[in-house]
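Chemist: Got a structure for you, questions after.
The values are calculated or read from the model by the stated rules, or taken from the named source; none is laboratory data. Since this is a predicted model, take the numbers as computed values, not measurements. In this analysis, Cβ positions are derived from the backbone assuming ideal geometry, glycine residues included, and neighbour counts consider all displayed protein chains. Side chains are part of the model used for accessible areas, which takes the heavy atoms of the whole protein and leaves out ligands, DNA and RNA. Shrake-Rupley method; radii C 1.70, N 1.55, O 1.52, S 1.80 Å.
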Amino acid sequence: MALRRPHRKSRHGCVECKRRRVKCDETRPSCTNCAKRHSECEYGSSTSLLWANEDPAIPGSDGGQASDPVRGLSSSLSPTAGTGAADSLGILSQLGSENAAGSAGPALNLLDLELMIQWCNSTFRTLSRNERTDPIWRTIVPEEALSHPFLMHGILALSSLHLARTGPEPSRRASYLNRAVAHQNQALALFRELLGDVKESNAKAMFAFAGIVVIYTFAFPHTPDVQDPWSCIDDLYQVLVLTRGVQQVIHAPRDFTSFLVDSSFGPILQVEEIEVPLPEDTSAMLKQLRRANEVCGARDPNHELQVYERSIANLEEMLNWCHSGIRANTIAGRWAIRLHPRFMELLRERDPLALVMLAHYGVLLHYLKHRWCFDEWCVRVSKAVWAILDDQWRPLIEWAMKEILGVNFLEQVDT
C-alpha cells in the first residue's frame with residue numbers, strides 16, 4: 001500500500017511559482033513556468049491523501065526499485081488481503097523463515113507432555129520424603145533428565161504407570177501401561193550402557209533413576225498364582241534383588257555418597273533419624289525373633305546366626321523410623337539394601353526363618369500402604385508366608401499378621 005495525491009488542482013500553485021509570486025497554471029507534473037526555467041516543480045502537501053493498493057515504482061539509488069520491508073514480509077499475501085487474524089499470522093510466519101528453511105522440527109509429543117505434567121503435579125511425591133525433598137524430585141530431577149535420556153524415560157515410565165494404576169479413565173489404563181513398559185525398556189537399555197562408567201557427571205542421574213526403578217518394580221501390576229503362594233514370594237524376591245542391584249550401582253566403581261550429600265541431592269540422603277521407644281508388643285516381637293535365632297543356632301552349627309541377627313537389627317531400625325513418623329519409600333529400599341547377601345541366598349533356598357523375616361518386612365510395606373506403588377504387597381506376602389509355614393514357625397509371625405490383617409487375621413487367611 002502506498003500514498004498518492006489526488007488528481008485535482010491546488011488553489012495555491014506550485015512552490016516555485018509561489019516563491020516567485022507569479023501565477024501558476026498548475027500543470028502536472030510540471031507547470032509551464034517551471035518547465036521554461038528547467039526548475040523542479042513541487043506542489044505543497046495541503047491536499048488530502050488517499051490510500052492506494054498499488055504504488056508507482058520508487059526509484060532506488062541504483063536505478064531500480066527500492067525494496068519495501070513490509071511489502072517483502074507480506075509478499076505471500078494476496079493484493080486484496082485484509083487485516084484479519086489469518087493475514088496477521090501470515091505475516092508472522094515469514095519472520096525468521098530464511099533461518100527455518102528446511103527444518104520444520106518435530107511435532108509435539110502430547111502424550112509425553114502429559115506424562116511430564118503428571119510427574120510435576122503428582123508422581124514426584126511418590127519418591128519425595130518431605131517438603132525438603134519435594135523440589136528435588138519435582139524440579140531438579142527433571143532438569144537432570146534433560147542431559148540424561150535414560151532418566152527422562154524413567155520419569156515418563158513411572159508417570160505413565162501411575163496413571164495406569166490410579167488414572168480416572170479406566171479405558172485408557174491399558175494404553176498407559178503399554179507406554180510405561182515402552183519407556184522403561186528404553187530407559188533400561190540406555191542405563192545398562194553406563195553401568196561401567198559411573199562418574200560425578202552422571203552420578204545424580206544414576207541415583208535418581210535407581211530410586212525410580214525400585215518404585216516402578218514395586219508398582220508394576222503383579223498377578224501371582226493364588227493357588228501357589230510361592231509365586232508371590234518369588235515375585236518379591238525378584239523385587240528385592242533388583243532393589244539391591246540398582247541401588248548398589250553408584251557404589252560399584254567408587255563411593256559417591258559424599259559427592260551426592262554435598263550436591264543438590266543432599267536432602268534426599270539426609271534422613272532425620274529420631275530415636276523413639278517402640279511399643280511393648282513390637283519390642284516383645286523383636287525379642288521373640290532373637291530368641292528363635294539363638295535356639296536355631298544352638299541346634300544347628302551351620303545356622304547363619306549373625307546373618308539373621310543383622311536382618312533383625314535392620315528390621316528394628318526401620319520399625320523405629322516408622323514409629324518416629326517417617327513413612328517414606330526409603331524404608332522399603334533401605335531394608336532390602338542393608339540385607340546381608342547370604343540372607344538373599346537363604347531366602348532363595350526357602351529357609352523358614354528367612355520367610356519369617358520376609359513376613360515382618362510385609363509390616364514395613366503395610367506402613368507404606370498409603371502410597372499407591374505398594375498397594376496390596378503386604379497382604380499378599382503375609383498370606384503367602386502363612387500358607388507356606390507350618391505350625392512350628394507360624395507363632396513367630398502372628399504379630400506381623402495382626403499388624404497387617406488385624407486381630408482376626410485367621411478369618412482372612414482361611415478364606
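Chemist: Would it be correct to say that ARG254 is of a type in the set (Lys, Arg) and modelled with pLDDT under 80?
Modeler: Yes.
Chemist: Okay, next question. What's the total number of residues in the range 284-316 that are assigned to a helix (DSSP H, G or I), open to solvent by 80 Å² or more (accessible area, probe 1.4 Å) and farther than 16 Å from GLU398 by Cα?
Modeler: So the answer is 5.
Chemist: Of everything in the range 368-399, what is surrounded by 20 or more Cβ atoms within 10 Å (Cβ to Cβ), hydrophobic (A, V, I, L, M, F, W, C) and free of Cβ contacts under 8 Å to residues at least 60 places away in the same chain? Give them in sequence order.
Modeler: LEU368, CYS378, TRP386, ILE397
Chemist: Then there is this: Would you check if there is a residue in the range 198-215 being of a type in the set (Lys, Arg), surrounded by 19 or more Cβ atoms within 10 Å (Cβ to Cβ) and at pLDDT 90 or above?
Modeler: yes
Chemist: Also: Go through the range 400-415 and report how many residues are surrounded by 16 or more Cβ atoms within 10 Å (Cβ to Cβ) and of a type in the set (Asp, Glu).
Modeler: 1
Chemist: Here is a follow-up. Take SER122 and decide whether it is farther than 22 Å from ALA180 by Cα, of a type in the set (Ser, Thr, Tyr) and either modelled with pLDDT of 90 or more or open to solvent by less than 90 Å² (accessible area, probe 1.4 Å) (or both).
Modeler: no
Chemist: Let me ask something additional. From the list LEU146, LEU195, pick out the single residue that is farther than 21 Å from TRP372 by Cα, touching a residue at least 40 places away in the same chain (Cβ under 8 Å) and open to solvent by 50 Å² or more (accessible area, probe 1.4 Å).
Modeler: LEU195
Chemist: Just the residues that are β-branched (Val, Ile, Thr) and touching a residue at least 40 places away in the same chain (Cβ under 8 Å), please, taken from the range 255-275.
Modeler: ILE268, VAL271, ILE274
Chemist: Let me ask something else. Picking from VAL356, VAL363, which residue would you name as being touching an Asp or Glu at 6+ places or on another chain (Cβ under 7 Å) and buried (at least 18 other Cβ atoms within 10 Å of the Cβ)?
Modeler: Step by step, each of VAL356, VAL363 is checked, and only VAL363 is touching an Asp or Glu at 6+ places or on another chain (Cβ under 7 Å) and buried (at least 18 other Cβ atoms within 10 Å of the Cβ).
Chemist: In addition: Here are the criteria: (1) of a type in the set (Asp, Glu); (2) modelled with pLDDT of 90 or more; (3) farther than 30 Å from ALA145 by Cβ. Tell me which single one ASP225 does not satisfy.
Modeler: Just one mismatch for ASP225, condition (2).
Chemist: Determine whether the range 165-175 contains at least one residue that is more than 12 Å from the chain's Cα centre (by Cα), touching a residue at least 12 places away in the same chain (Cβ under 8 Å), under 25 Å from LEU368 (Cβ atoms) and in a helix (DSSP H, G or I).
Modeler: Within the range 165-175, one or more residues are more than 12 Å from the chain's Cα centre (by Cα), touching a residue at least 12 places away in the same chain (Cβ under 8 Å), under 25 Å from LEU368 (Cβ atoms) and in a helix (DSSP H, G or I).
Chemist: How many of the residues making up the range 316-370 are in contact with a helix residue (DSSP H, G or I) (Cβ under 7 Å, 6 or more places away or on another chain), farther than 19 Å from SER382 by Cβ and of a type in the set (Val, Ile, Thr)?
Modeler: Counting residues in the range 316-370 that are in contact with a helix residue (DSSP H, G or I) (Cβ under 7 Å, 6 or more places away or on another chain), farther than 19 Å from SER382 by Cβ and of a type in the set (Val, Ile, Thr) gives 1.
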